[in-house]
């Protein structure tokens, strides 16, 4: 069992500082985050004293990544309850902070239901707050354990698809310990391959416009001693054409009932390239990311981010000169199209890897059975 209150539980092997933790100093409980907007220049922690601060941290991407958002949402409800604020109001604000990532609402709901159940039993607000915190800690622990199982299932699938080892893996955005209670999702699979001596190269998409690949995945890969190379997103096609990619591994922010995958913008073009070049395209995500209530990709609400993220270049170590906190790279008044995510249809996905195993081909029936099996195991 992993203790979510220890650094090993939150996994600091890749980052040196836990991505999220709960603390109880004399002045009252807080949620402490590693501010991902400041990486890789510096490791700075952000202390959230109430749910509203945590909501802003989620919106600003100080904390990000589907599984970690679920954990943050659960801790946010617990924080509101422990501080004497309305847990219901906090839950509404937290769940709406980023609409595409289903894990956020899952985590919020877990903690809120525990709070409601305890409050309904005896009306004791202190015990209800403790129940919400216990639910958040369980979710944190479960995610760490799920991460380890996903890594094992993912490596087994890679070895099956690519016998002989020497895997050259292309990944997009950031899916390591910065997004998880454990070592991550897609990155955890690549890390398992590295530890097994079967990773030849990790190709890291820069991931525009906010450079989560360059700032965060490269940071984690370097910390883990992996062989990696950074590339701009639009260089991926040349890699495929040169035969330098054996598999694509990405995470997911929501997987719908039919198997459509919402992930960081730029994922869908990789799926198209992978299909054309006959390269496996594998999605790694916990079962909590599968949303059977959303029927298909067209039903996903895709978050639209501010235009200045495109019209300005943001680097943690650079001086601030633009309205959005970055360096202007486009003429003043330029309009920008900036969806945070795109949606890959199931027919382009080779497999979905979860802690309960891999699904391939990706169909509605297979995903429903996987979720049913997961519920049976949990119960």
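List of remarks:
- Residue match in the stretch 150-172 (condition: in contact (Cβ under 8 Å) with a residue 24 or more places away in the chain, part of a loop (DSSP other than H, G, I, E, B), in contact with a helix residue (DSSP H, G or I) (Cβ under 9 Å, 6 or more places away or on another chain) and buried (at least 24 other Cβ atoms within 10 Å of the Cβ)): yes
- For the stretch 93-100, the criterion of being at pLDDT below 95, closer than 16 Å to residue 180 by Cβ and outside the structural domain of residue 262 (by TED's automatic domain parsing) is met by none of the residues.
- Given (1) in contact with a helix residue (DSSP H, G or I) (Cβ under 7 Å, 6 or more places away or on another chain); (2) surrounded by fewer than 24 Cβ atoms within 10 Å (Cβ to Cβ); (3) outside the structural domain of residue 29 (by TED's automatic domain parsing), index of the condition residue 127 fails: (3)
- Residue selected from the stretch 298-354 under the condition more than 30 Å from residue 284 (Cβ to Cβ) and not in a loop (DSSP other than H, G, I, E, B), by the criterion modelled with the lowest pLDDT: 327
- In the stretch 123-148, the residues that are without any contact (Cβ under 8 Å) to a residue 40 or more places away in the chain reach residues that are surrounded by 23 or more Cβ atoms within 10 Å (Cβ to Cβ) and not in a helix (DSSP H, G or I) with C-beta atoms within less than 8 angstrom, at least six apart or across chains, in these pairs: 142/181.
- Cβ-Cβ under 7 Å pairs, at least 6 apart or on other chains, the stretch 362-379 side more than 24 Å from residue 348 (Cβ to Cβ), far side at pLDDT below 95 and surrounded by 10 or more Cβ atoms within 10 Å (Cβ to Cβ): none
- Entirely in the stretch 20-123, the helices (runs of 4 or more DSSP H) that have 2 or more residues that are in contact with a helix residue (DSSP H, G or I) (Cβ under 6 Å, 6 or more places away or on another chain) and more than 25 Å from residue 174 (Cα to Cα): 66-82, 87-95, 102-122
- Condition check for residue 267 on (1) surrounded by 19 or more Cβ atoms within 10 Å (Cβ to Cβ); (2) in contact (Cβ under 8 Å) with a residue 60 or more places away in the chain; (3) in contact with a helix residue (DSSP H, G or I) (Cβ under 9 Å, 6 or more places away or on another chain); (4) closer than 16 Å to residue 342 by Cα: one failure, at (3).
- Residue pairs whose Cβ atoms lie under 7 Å apart, sitting 6 or more positions apart in sequence or on different chains, and linking a residue in the stretch 32-59 that is free of Cβ contacts under 8 Å to residues at least 40 places away in the same chain and on the phi < 0 side of the Ramachandran plot to a partner that is surrounded by fewer than 21 Cβ atoms within 10 Å (Cβ to Cβ) and in a helix (DSSP H, G or I), are 44/38.
- Between 295, 269, 280, the distinction of being closer than 22 Å to residue 70 by Cβ and outside the structural domain of residue 35 (by TED's automatic domain parsing) belongs to 295 only.
- Flag if residue 358 is buried (at least 18 other Cβ atoms within 10 Å of the Cβ) and either not assigned by TED's automatic domain parsing to the domain that holds residue 98 or not in a strand (DSSP E or B) (or both): yes
The values are calculated or read from the model by the stated rules, or taken from the named source; none is laboratory data. If you're wondering where the values come from, they're calculated on a predicted model, not measured in any experiment. Here the Cβ is made from the backbone with ideal geometry for all residues, glycine too, and neighbour counts use every protein chain on show.
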